[in-house]
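What follows is a short report on a single structure.
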Amino acid sequence: NFLLSCSTILRYWMCVCGEFIQPPPSLALRSFADEDSRLPCQFKAQDEDSVVQVTWYRERRGGVREHIITKHMTEGLQVFPGFAGRVRFESSDPIQDSTLLIQSTKESDQATYTCHISTYPSGNFERRIQLIVWRLPISSLDPVILEEGQAFRLAASCRAVGLPLPRLSWDTDVPGQSQNRTSGDGVVTSNFFLHPLRSMDGRRLDCLVWHPALDQPRRLRNTLVVHFPPDAVVAGYDHSWLVNNKGAELRCEGGGNPRPLNFTWTRKGAGLPEGVSVEGNRLIFTRPLNKTDEGVYQCEARNKVGVVRAEVNSQDSNNILLIIIVGGAAGTLVVVMVIIIILVNRYHKHKNRKLKRELSEKKEEINNLSRQNSMRRLNSISTDPRIQVESSVLFEQREGLREGEYDSLGRPAIYPSCHSERGSGRRREMEAEKTERMCNSCLFHLFMLIQDLDLHRDQSPPPLSVSSGPLRQAGMEKVGWGQREGVTEGEEGNCTPEPYEISEALANHFHCSNGVLRPKPHPNAIILHPHGQII
């Protein structure tokens with residue numbers, strides 16, 4: 001029994017030493033949909049062991065096993081339902097090489113596969129293989145024809161489907177915005193939006209498809225198409241057309257997308273002249289030019305987006321030269337006039353500034369003289385009434401001078417600006433004050449003379465007989481200088497006249513003229529000198 005047990009253990013050890021040639025443990029294979037998938041399985045038995053049967057299983061989620069195919073050394077080959085026509089052994093002897101082939105792999109074939117080897121007498125051996133099914137991305141790009149002036153809109157749409165899901169992006173240098181979305185059936189879509197401009201026509205807008213099965217992104221090339229109206233320009237006129245020139249023609253050139261194919265030629269104010277032909281975008285003069293060919297020629301270019309007109313004014317070059325000469329002369333004249341106006345304006349501005357400066361200096365000089373004269377008048381005030389009278393007379397004489405005149409002492413006028421309304425009012429006020437002041441001075445002077453005569457009555461000449469005159473009428477009639485009616489010699493010390501008597505005498509026999517108290521004409525009047533002498 002011991003020998004039998006040892007023999008059995010030895011055979012088991014020998015079986016354990018058997019191995020799978022392919023694949024290595026924990027194998028994960030990647031395959032692509034619609035292609036054949038190869039699942040390698042080859043077992044090498046040791047010594048006296050032999051492979052009896054090979055079976056493939058597929059394990060779904062949840063641990064459920066499905067039989068795929070089996071090969072028994074005596075019972076033969078068997079393919080289980082659901083896999084007929086889709087699976088087979090790669091080798092004609094599955095006992096020696098059990099590799100399985102899955103034809104036209106589907107996405108549903110992604111699962112875990114088990115290769116089961118049955119040997120005798122060692123027993124069973126298994127190897128598990130995980131199959132990952134990828135689907136190469138299928139992509140497409142749908143361009144959109146745009147028109148200039150349209151609102152923000154779709155410019156191109158890119159679609160792709162694959163396993164795992166591909167990723168989409170855009171390669172372009174035009175401004176815009178992309179939006180990506182994925183549908184339930186595994187389709188990835190990316191849309192690109194922009195504002196159509198004619199400058200975008202012909203620019204690149206490529207879609208890039210990214211997938212782990214690709215070494216680099218797949219590029220779907222696309223060029224933007226933006227339709228816009230023509231931009232017509234009339235060419236062929238070089239401003240050198242002369243009468244009798246030959247071979248003259250005009251061309252209507254311009255862009256536009258699509259390029260315009262319809263052209264119409266007209267002339268403003270008149271029809272096309274005789275002897276011209278229209279060939280596409282060309283207006284050809286089939287004869288020499290003449291004077292009647294002048295005018296404004298218009299070209300109308302049309303495509304399916306819009307219509308544009310262009311024009312050119314053709315004239316005889318001699319007329320153009322004359323216009324240029326006349327225009328140049330007129331321009332030169334305008335420039336000269338502008339220069340003259342600028343110089344005259346600058347001269348007047350300089351003169352006005354000079355006059356303002358002189359006027360300011362003159363005003364300052366007048367103000368200084370006025371201040372000096374005011375100081376002189378203030379300094380000239382004296383208690384001597386005779387000096388005040390003389391100053392008043394001189395003041396009046398200086399005030400009577402006009403602007404720029406000088407008095408007998410060489411002094412200028414005090415108020416040269418008295419011709420103005422404000423100066424005239426001020427002068428009248430000052431003249432009234434001066435007159436009142438001088439009259440008061442005269443009254444005071446006369447009063448002082450009378451006092452002086454009274455104080456020196458004893459030294460006066462013999463009395464005179466006064467039968468009439470102002471003194472007699474004022475109640476001061478005297479037999480002599482020291483006597484008065486109704487007054488005795490003993491009362492001669494109190495012979496000072498009363499103020500009302502003086503005022504009455506002045507009012508009846510004197511009048512004030514220009515600040516000077518003057519006697520009224522009278523045949524018997526006695527004139528008193530300012531220094532107290534009787535004239």
**Asked** Between the DSSP loop rule and a limit of at most 12 other Cβ atoms within 10 Å, which GluC sites (Glu not before Pro) in region 22-119 are left?
**Response** GLU48, GLU75
**Request:** Provide the descending list of Cα extents for region 236-315 along its principal axes, expressed in whole angstroms.
**Result:** 40, 24, 21
**Asked** Going by how many other Cβ atoms sit within 10 Å of their own, how do HIS239, HIS227 line up, fewest first?
**Response** HIS239, HIS227
**Complete:** Proxy exposure order for ASP201, ASP142 (fewest C-beta within 10 Å first) is ASP142, ASP201
**Prompt:** In terms of Cα to Cα distance under 27 Å, which lysines are near enough to LYS44, apart from those fewer than 8 places away along the same chain?
**Reply:** LYS71
**Request:** Kindly list the residues of region 102-122 that lie in the label zone of ARG60, defined by a backbone N under 20 Å from the point 7 Å along the Cα-to-C-beta vector.
**Result:** 102-103, 105-115
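Can you sort ILE366, ILE339, ILE69 from fewest to most other Cβ atoms within 10 Å of each residue's own Cβ? Walk me through the numbers before you get to the answer.
Details: ILE366 17, ILE339 10, ILE69 21.
Arranged by neighbour count, lowest to highest, ILE366, ILE339, ILE69 become ILE339, ILE366, ILE69.
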**Fill in**
Per the 1/(1 + (r/R0)^6) rule, R0 = 41 Å and r from the Cβ atoms of HIS67 and ASP47, FRET efficiency to 0.05 is 0.85
**Request:** Could you run the Karplus curve 6.51 cos²θ - 1.76 cosθ + 1.60 with θ = phi - 60° over region 221-232 and give me ³J(HN,Hα) per residue in whole Hz, x for Gly and Pro?
**Result:** 6, 8, 10, 5, 10, 10, 8, 8, x, x, 10, 6
**Item:** Under 24 Å from the Cα of LYS520 - lysines, other chains or at least 8 residues apart
**Value:** LYS434, LYS478
**Request:** Would you mind computing, in nm to one decimal, how far apart the modelled labels at ALA235 and VAL278 are, each placed 7 Å from Cα along Cα→Cβ?
**Result:** 2.1 nm
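None of the figures in this text is laboratory data; all of them are computed from the coordinates on show. These figures come from a predicted structure and were not determined experimentally. Glycine gets a Cβ as well: all are built from the backbone with ideal geometry, and neighbour counts include every protein chain shown.
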